[in-house]
1. Run down Lys35, Lys29 and say which single residue is in contact with a strand residue (DSSP E or B) (Cβ under 7 Å, 6 or more places away or on another chain), among the charged types (D, E, K, R) and within 30 Å of Ser239 (Cα to Cα).
2. Can you name the condition, by its number, that Ala4 falls short on among (1) within 13 Å of the ligand (Cβ to nearest atom); (2) outside any strand (DSSP E or B); (3) buried (at least 19 other Cβ atoms within 10 Å of the Cβ)?
3. Kindly provide the set of residues from region 47-68 that are assigned to a helix (DSSP H, G or I) and either in contact with a His (Cβ under 6 Å, 6 or more places away or on another chain) or within 24 Å of Ile108 (Cβ to Cβ) (or both), ordered by number.
4. What is the residue count in region 150-183 for residues that are closer than 13 Å to Pro135 by Cα and aromatic (Phe, Trp, Tyr)?
5. Could you tell me which numbered condition Val349 fails, if it satisfies all but one of (1) modelled with pLDDT of 95 or more; (2) outside any helix (DSSP H, G or I); (3) over 16 Å from the mean Cα position of the chain (by Cα); (4) surrounded by 13 or more Cβ atoms within 10 Å (Cβ to Cβ)?
6. Condition (residue is under 18 Å from Ala4 (Cα atoms) and assigned to a loop (DSSP other than H, G, I, E, B)) applied to region 322-345: is it met by at least one residue?
7. I'm trying to understand the selection: among the residues of region 224-246, which are free of Cβ contacts under 8 Å to residues at least 40 places away in the same chain and charged (D, E, K, R)?
8. Which one of Asn194, Asn180 is farther than 16 Å from Thr307 by Cα, in contact with a strand residue (DSSP E or B) (Cβ under 9 Å, 6 or more places away or on another chain), within 14 Å of the ligand (Cβ to nearest atom) and not aliphatic (A, V, I, L, M)?
Amino acid sequence: MTPAAFAVLTLDAVRHNLSKVRSCAPEAKIMAVIKANGYGHGMLRIAEALQDVDAFAVARVDEGMRLRKAGFKQRIAVLEGFSCTEEFEELLTYQLEPVVHSFTQLEIIETITEVQGCNIWLKIDTGMNRLGFKPADFDLVYQRLNCCSLIKQPINLMTHFANADVANDAKTLQQIKLFNDTVDGFIGERSLANSAAILAWEQSLSDWVRPGVMLYGISPFPEVTGQQLGLRPVMELHSRLIAIKPVAAGDTVGYGGSWLCEKSTTLGIVAIGYGDGYPRYAKVGTPVLVNGQRVELIGRVSMDMITVDLGVVTEAKVGDSVTLWGETLPVEEIALWSDTIPYTLVCGVTQRVQLIDK
Ligand SMILES: *Cc1c(COP(=O)(O)O)cnc(C)c1O
């Protein structure tokens, strides 16, 4: 028997979403971003579904090692790079390609002379102010890296946008210009675009694109769903009704008694809660599907359960199927009801939820 809470993953949808990336960026090579356990979808199954991309990207060395140990032979970029010699040596052993973004890393690289052919991604901070060298330091850093026998040439060049999800944003235009001006005249493949830029900033596509969230069928833009962009959601989160009961006017529901029943109705108790990754801050009224029909969340989300007002769904019975998000209930909508972004919802699905391939 399947556990109460489970997520169904449609791998055909991943391939469909990859074809959408290709149609937006037909000239570019694709680095599929599968960090954070494939945005909560299971990194290995997503990598499996994306076999023919040009590279994978993960955030951390251990994620890259897991891919190698599972037998993946593709190029793998490590977006946070490394922060000590030991970690850098692990990267070399597993033939992972670090993002190089700091002088600490540069100094470590300069101490290693007995290895060759390490591909790196030199990152320039064009305004995100997270990782990357300042444009003013680029020339010097590029020259120093070029003197390292370890580093494969030409060096790959990248930057990351802060606001690509904002239409016609001036900062994104500035970042594109600053990047292009900084790397002008230097050889090496370029990479700028995340999902939002792939979909909205054609001038940023360049040699490599780095799609993440769109591969999972999720929109990077607020107020727009992946489906509206021609994407197909990959994850459907399901559970079931485990109790049904009447409530009378004046009764309260859940911790803190925060929901007061104004008119008698029937409640459904669903086996899903924040212990599964359902958002603790989902507001009263958040839509939930019971047997495919929309009902509303009431009371507070607890660790293992939520309560819904079954209202008109009078034929519902214990064991009936409940959908928290998926094809017919966009995760983007649940994110809006929870004051968050869909990225956090899919990444937050916990170990207790069984992932099932479709
Ligand atoms: C996570 C990440 C991406 C992918 O971003 P999406 O918004 O999910 O497409 C691309 N590049 C870098 C550097 C990242 O950290």
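The values are calculated or read from the model by the stated rules, or taken from the named source; none is laboratory data. The model shown is predicted, which means the values in this text are computed figures rather than measured ones. A quick note on method: Cβ atoms are made from the backbone with ideal geometry, for glycine too, and the neighbour counts reach across all protein chains shown. Ligands, DNA and RNA are stripped out before the accessible areas are found, and what is left, the full protein with its side chains, is counted by its heavy atoms. Shrake-Rupley method; radii C 1.70, N 1.55, O 1.52, S 1.80 Å.
1. One residue alone meets the criteria, Lys35.
2. If we test Ala4 against (1) within 13 Å of the ligand (Cβ to nearest atom); (2) outside any strand (DSSP E or B); (3) buried (at least 19 other Cβ atoms within 10 Å of the Cβ), just (1) comes out false.
3. Across region 47-68, the qualifying residues are Val61, Asp62, Glu63, Gly64, Met65, Arg66, Leu67, Arg68.
4. 1
5. For Val349, the exception is condition (3).
6. Scanning region 322-345 turns up no residue that is under 18 Å from Ala4 (Cα atoms) and assigned to a loop (DSSP other than H, G, I, E, B).
7. Lys245
8. Details: Asn180 fails: within 14 Å of the ligand (Cβ to nearest atom).
Answer to the check: Asn194.
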